[in-house]
Amino acid sequence: MTNGMPFDDVRNLMKSNAPVGIVGYGAYIPRYRLPAAEVSRVWTNSLGGTPITEKAVAGLDEDVITMSIEAARNALARAQIDPTQIRAVWVGSESHPYAVKPTSTTVAESIGAVPNTQAADWEFACKAGTEALQAAMGFVGSGMAAYALSIGMDTAQGRPGDALEYTAASGGAAYLVGPEAESLAVFQGSYSYVTDTPDFWRRAEVRYPSHGDRFTGEPSYFKHVVTAAETLMHMMGTQPSDYTYVVLHQPNVKFPERAAKQLGFNAAQIKYGLLAGEIGNVYAGSCLLGLTATLDEAQPGDRILCVSYGSGAGSDAFDIRVTDAITERKDRATKTREYIARRTPIDYALYSRYRGNLATE
Amino acid sequence: MLQNTAIIGIGQTSVGEHWDLSLRQIAYQAMQAALDDAGLQSVDVVIVGNALGGVVSNQNHLGALVADFAGMRGIDGVRIEGADASGGLALHQGCLMVAGGLAQTVMVLGVEKVTDVVGSTRNTALATFLDNDYEAAQGATPAGMAALLMRRYMHEYGVQLADFANFSVNAHANGSKNPNAMFRNLIKADRFVSAPLVADPLNLFDIAPEADGAAAVILTSVERAADMVPQPIRILGSAVATDTLALHDRLDPLFLAAVQRSVTQACQQAAIAPHDVDLLELHDVATIITTLSLEASGFASRGEGWQIAVENQIGLTGQLPISTFGGLKSRGNPLGATGVYQAVEATLQLRGDAGDNQVEHAELAMTQNLGGLGSTAVTHVFGK
């Protein structure tokens with residue numbers, strides 16, 4: 001029971017009083033790619049298997065701030081609104097450049113949203129972006145804001161020699177939330193499922209995260225993603241077949257494929273939004289990028305189920321309906337597939353330099 | 001005498017990753033199940049087989065701990081340790097206590113919690129089964145040392161990787177029917193050779209998964225047992241032998257001398273020959289260990305142990321059923337508890353309660369529980 005109600009009681013459905021949606025969305029993926037075969041070459045003499053093909057890596061002059069700004073600009077290009085009307089700029093990440101000094105303020109100033117704006121950094125591992133999105137739904141839906149910008153973006157820290165080094169990647173997406181009438185996709189409902197589950201963590205003064213290996217599977221990822229999805233569908237009165245697409249958090253390829261199958265979705269539904277094989281796990285940007293890739297292909301009337309997962313742990317689920325406005329707006333900015341196609345492969349040595357893994361003192 | 005020991009109660013938890021159970025909680029589940037099975041409220045002694053409690057859970061002193069936690073504060077209790085032979089060793093001690101007349105009822109508990117640690121921490125814990133100064137401290141792991149044996153064996157006898165496959169295929173075929181097994185999937189023989197490597201040539205489909213689990217058996221004298229339960233199962237032989245820890249100290253690393261000694265002694269006690277047994281729960285931590293165990297036990301000649309698998313004699317209806325509930329490979333390897341799981345499974349077979357895993361007309365069973373690379377070997381013979 002939550003709040004005294006059974007957890008699949010429709011009163012637990014998160015829905016704003018005034019209907020809201022996505023007015024603009026924007027992706028960003030850095031160009032560098034580290035082939036998983038390189039990680040395998042260095043650490044296992046190429047004898048070990050690889051969970052993905054390659055992952056995206058931020059360049060020397062990039063960080064969550066710079067990447068968020070480009071994604072935000074793409075979102076604004078699609079939205080075509082006056083940035084001074086944005087009332088909140090929120091960035092969720094587990095690789096904010098500062099522990100104290102918000103990413104959000106630099107992004108807000110760069111896009112012209114300051115000074116009459118709320119800004120804040122969010123953290124909940126890989127779902128730091130989607131919870132900012134839920135907050136934006138409430139901010140706009142309550143009338144406190146005309147528009148709110150929520151971003152999930154990461155330059156994830158991969159411990160050298162760890163299994164997660166194959167997949168810890170850089171990238172993410174920005175969403176400008178506004179009234180339904182201006183939206184290219186509308187939020188029909190949302191739900192969060194959260195427990196205290198210590199599957200993956202990083203202390204503030206420590207460089208690389210730790211994780212519970214197989215514990216990150218069934219009791220963590222699957223329990224939260226599947227429960228959040230099933231509960232939202234129950235409250236919305238829907239079946240998997242009611243959705244054109246499903247986008248799930250993607251730490252690798254196998255987990256979301258398995259979860260989708262377990263929930264009753266088919267390969268065609270997950271196809272556009274499953275990018276992990278080509279760009280890795282972009283952590284707080286993960287399903288938000290899967291969603292931009294899906295919106296890039298979506299048609300008016302399509303319905304999307306999007307479920308994030310953040311270690312610690314929790315899942316945010318969204319039921320989204322695409323409007324007629326998608327047709328014209330999707331082409332106003334760089335598409336996700338174009339960012340994926342823009343690639344410069346690097347080797348493990350350059351990767352180590354770019355990620356600051358080489359100690360020079 | 002030793003043959004005076006009977007099993008009057010058994011209990012087990014499923015083998016797997018019990019994220020939500022602590023060492024004492026999982027121990028209690030098996031203990032209570034065994035007490036219920038025997039129709040008892042308590043026992044006089046608890047002997048705990050456990051390998052890594054101190055290393056993984058920061059918890060030694062398990063005899064006193066589980067006795068109290070299971071509601072039997074004050075009884076005689078002790079923890080026995082011999083790496084992954086701890087369970088078999090605990091059973092041996094239990095038999096000695098009954099035979100010595102020091103206790104009326106003895107609970108032998110095997111318990112292990114190992115999955116709470118991962119990666120190199122777990123490997124370091126497992127490496128305590130080896131010779132630390134000359135093997136583990138140099139970077140050796142049990143899997144790595146077994147890999148050396150397998151590589152040498154394949155070279156000496158011209159055996160291919162595929163020739164070992166059926167040990168794992170058989171284990172999973174049986175484990176798929178065991179509701180307590182950790183892995184209940186079937187393995188296809190042609191997938192064995194291409195499985196991901198763990199320590200060349202040992203791969204993921206060869207090496208048994210270490211896991212959490214607890215199993216318990218309750219022992220008493222044969223005379224007392226007759227009045228207590230309808231189907232007491234007798235322990236006819238219980239023998240322990242040791243060998244060097246370090247493989248490089250062995251005269252012949254490809255012969256498990258401790259297995260031969262313990263099998264010979266246990267069979268002498270039971271007045272049987274090895275081939276008289278109807279089923280064999282051996283220590284299939286890796287197919288090479290299975291192979292060498294079969295050879296040292298006398299079931300096959302040197303260099304030919306793998307043929308028993310290839311000829312498919314090891315299924316439930318075969319000439320020598322092995323790993324009848326999945327063995328270490330499929331039921332799982334809860335390290336210090338494994339030897340007691342073997343005893344529980346042998347008991348189920350002889351009671352005729354093995355369900356889909358039943359070996360028909362099982363009258364005699366043998367269990368072999370090894371510590372490290374056969375540095376300890378414990379053989380038990382069970383009968384009706």
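The values are calculated or read from the model by the stated rules, or taken from the named source; none is laboratory data. If you're wondering where the values come from, they're calculated on a predicted model, not measured in any experiment. No Cβ is skipped: glycine too gets one built from the backbone with ideal geometry, and neighbour counts run over all protein chains shown.
Restricting the first member to region A:6-31 and to residues that are crowded, with 24+ Cβ neighbours inside 10 Å, and the second to residues that are among the small types (Gly, Ala, Ser) and assigned to a loop (DSSP other than H, G, I, E, B), the beta-carbon pairs closer than 7 Å and six or more apart or on different chains are A:GLY21/A:SER183; A:ILE22/A:SER183; A:VAL23/A:SER183; A:GLY26/A:ALA333; A:PRO30/A:ALA58; A:PRO30/A:GLY59. In the set B:ARG151, B:ARG224, only one residue is within 21 Å of B:PHE255 (Cα to Cα), surrounded by fewer than 24 Cβ atoms within 10 Å (Cβ to Cβ) and more than 19 Å from the chain's Cα centre (by Cα); that residue is B:ARG151. Of the residues making up region A:266-290, those that are touching a residue at least 40 places away in the same chain (Cβ under 8 Å) and among the hydrophobic types (A, V, I, L, M, F, W, C) are A:LEU275, A:ALA276, A:ILE279, A:VAL282, A:ALA284, A:CYS287, A:LEU288, A:LEU289. Which of the residues that make up region A:200-234 are surrounded by fewer than 22 Cβ atoms within 10 Å (Cβ to Cβ), away from chain B (no Cβ under 14 Å) and not basic (Lys, Arg)? Residues satisfying the conditions are A:ALA204, A:GLU205, A:VAL206, A:VAL226, A:THR227, A:GLU230, A:THR231, A:HIS234. Annotation for region A:172-193: no member residue is within 13 Å of chain B (Cβ to nearest Cβ), touching a residue at least 12 places away in the same chain (Cβ under 8 Å), surrounded by fewer than 22 Cβ atoms within 10 Å (Cβ to Cβ) and over 23 Å from A:TYR354 (Cβ atoms). Is at least one residue of region A:260-278 among the hydroxyl-bearing types (Ser, Thr, Tyr), more than 16 Å from A:ALA125 (Cβ to Cβ) and crowded, with 20+ Cβ neighbours inside 10 Å? The answer is yes, given that some residue of region A:260-278 is among the hydroxyl-bearing types (Ser, Thr, Tyr), more than 16 Å from A:ALA125 (Cβ to Cβ) and crowded, with 20+ Cβ neighbours inside 10 Å. Residues in region A:320-361 that are under 21 Å from A:ALA128 (Cβ atoms) and charged (D, E, K, R): A:ARG355 only. Where helices (runs of 4 or more DSSP H) fall entirely within region B:284-330, those with at least 3 residues that are farther than 20 Å from B:THR376 by Cα are at B:305-310.
If you check B:ALA34, B:ALA51 for being more than 14 Å from chain A (Cβ to nearest Cβ), at pLDDT 95 or above and part of a loop (DSSP other than H, G, I, E, B), only one passes: B:ALA51.
Exactly one residue out of A:LYS101, A:LYS127 is without any contact (Cβ under 8 Å) to a residue 12 or more places away in the chain and either closer than 21 Å to A:TYR221 by Cβ or over 20 Å from the mean Cα position of the chain (by Cα) (or both): that is A:LYS101. Checking each residue in region B:174-183 for being surrounded by 16 or more Cβ atoms within 10 Å (Cβ to Cβ) and assigned to a loop (DSSP other than H, G, I, E, B) picks out B:SER176, B:LYS177, B:ASN178, B:ASN180, B:ALA181, B:MET182, B:PHE183. Residue-level analysis places A:MET137 among those that are within 20 Å of A:ILE326 (Cα to Cα), within 17 Å of the chain's Cα centre (by Cα) and not small (Gly, Ala, Ser).
For the criterion of being part of a helix (DSSP H, G or I), more than 14 Å from chain A (Cβ to nearest Cβ) and not aliphatic (A, V, I, L, M), B:ARG24 passes.
Of the listed requirements (1) of a type in the set (Gly, Ala, Ser); (2) assigned to a helix (DSSP H, G or I); (3) more than 19 Å from the chain's Cα centre (by Cα), A:ALA228 misses just one: (3). Just the residues that are crowded, with 16+ Cβ neighbours inside 10 Å and either more than 14 Å from chain A (Cβ to nearest Cβ) or polar (S, T, N, Q) (or both), please, taken from region B:194-207. Listed by number, the residues that qualify are B:ASN203, B:ASP206, B:ILE207.
Before we move on, is B:GLY63 within 23 Å of B:GLY327 (Cβ to Cβ) and modelled with pLDDT of 95 or more?
Working: within 23 Å of B:GLY327 (Cβ to Cβ): no; modelled with pLDDT of 95 or more: yes.
Criteria not met by B:GLY63.
If you take the residues of region A:1-53 that are part of a loop (DSSP other than H, G, I, E, B) and of a type in the set (A, V, I, L, M, F, W, C), which of them is nearest to A:ALA174 (Cα to Cα)? Selected residue: A:ILE29.
Any idea which residue in region B:99-126 is nearest to the other protein chains (Cβ to nearest Cβ), counting only those that are over 27 Å from B:ILE10 (Cα atoms) and of a type in the set (Gly, Ala, Ser)?
The initial filter retains those residues of region B:99-126 that are over 27 Å from B:ILE10 (Cα atoms), namely B:117-126.
So of that shortlist, the ones also of a type in the set (Gly, Ala, Ser) come out as B:119-120, B:125.
Numbers: B:GLY119: 6, B:SER120: 10, B:ALA125: 14 Å.
By that ranking, first place goes to B:GLY119.
Restricting to region A:37-59, name every residue that is away from every other protein chain (no Cβ under 14 Å) and of a type in the set (A, V, I, L, M). Lay out the reasoning, then the answer.
Let us first name the residues in region A:37-59 that are away from every other protein chain (no Cβ under 14 Å), namely A:37-39, A:41-42, A:52-59.
Within region A:37-59, A:ALA37, A:VAL39, A:VAL42, A:ILE52, A:ALA56, A:VAL57, A:ALA58 meet the criteria.
Right, A:ALA56: in contact with a helix residue (DSSP H, G or I) (Cβ under 9 Å, 6 or more places away or on another chain), small (Gly, Ala, Ser), on the phi < 0 side of the Ramachandran plot and assigned to a helix (DSSP H, G or I) or not? Answer is no for this residue.
Per-residue answers, yes or no, for (1) in contact with a helix residue (DSSP H, G or I) (Cβ under 9 Å, 6 or more places away or on another chain); (2) more than 21 Å from B:ARG261 (Cβ to Cβ); (3) among the charged types (D, E, K, R):
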site: B:GLY326; (1), (2), (3): yes, yes, no
site: B:GLY332; (1), (2), (3): yes, yes, no
site: B:THR338; (1), (2), (3): yes, no, no
site: B:LEU350; (1), (2), (3): no, yes, no
site: B:ALA354; (1), (2), (3): yes, yes, no
site: B:VAL359; (1), (2), (3): yes, yes, no
site: B:ASN369; (1), (2), (3): yes, no, no
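Here is a check on your reading of the model: is A:ALA293 in a strand (DSSP E or B), buried (at least 16 other Cβ atoms within 10 Å of the Cβ) and touching a residue at least 40 places away in the same chain (Cβ under 8 Å)? Answer is no for this residue.
Looking only at residues of region B:40-76 that are surrounded by fewer than 24 Cβ atoms within 10 Å (Cβ to Cβ) and small (Gly, Ala, Ser), we find that the one that is nearest to B:GLY11 (Cα to Cα) is B:SER42.
Scanning region B:208-240 for residues being within 14 Å of another protein chain (Cβ to nearest Cβ) and not charged (D, E, K, R) gives a total of 2.
Which fully enclosed helices (runs of 4 or more DSSP H) of region A:315-361 have 3 or more residues being under 25 Å from A:LEU60 (Cβ atoms) and modelled with pLDDT under 95? Steps first, answer last, please.
Numbers: elements: A:326-329, A:336-341, A:348-354.
In region A:315-361, there are no helices (runs of 4 or more DSSP H) which contain 3 or more residues that are under 25 Å from A:LEU60 (Cβ atoms) and modelled with pLDDT under 95.
Within region B:1-21, the only residue that satisfies the criterion of being within 14 Å of another protein chain (Cβ to nearest Cβ) and in contact with a Phe, Trp or Tyr (Cβ under 7 Å, 6 or more places away or on another chain) is B:TRP19.
Among the residues of region B:265-280, those identified as within 14 Å of B:ILE235 (Cβ to Cβ) and surrounded by 23 or more Cβ atoms within 10 Å (Cβ to Cβ) are B:ALA266, B:CYS267, B:ALA270, B:VAL277. Select, from A:GLY189, A:GLY143, the only residue that is within 19 Å of the chain's Cα centre (by Cα) and at pLDDT 95 or above. It is A:GLY189.
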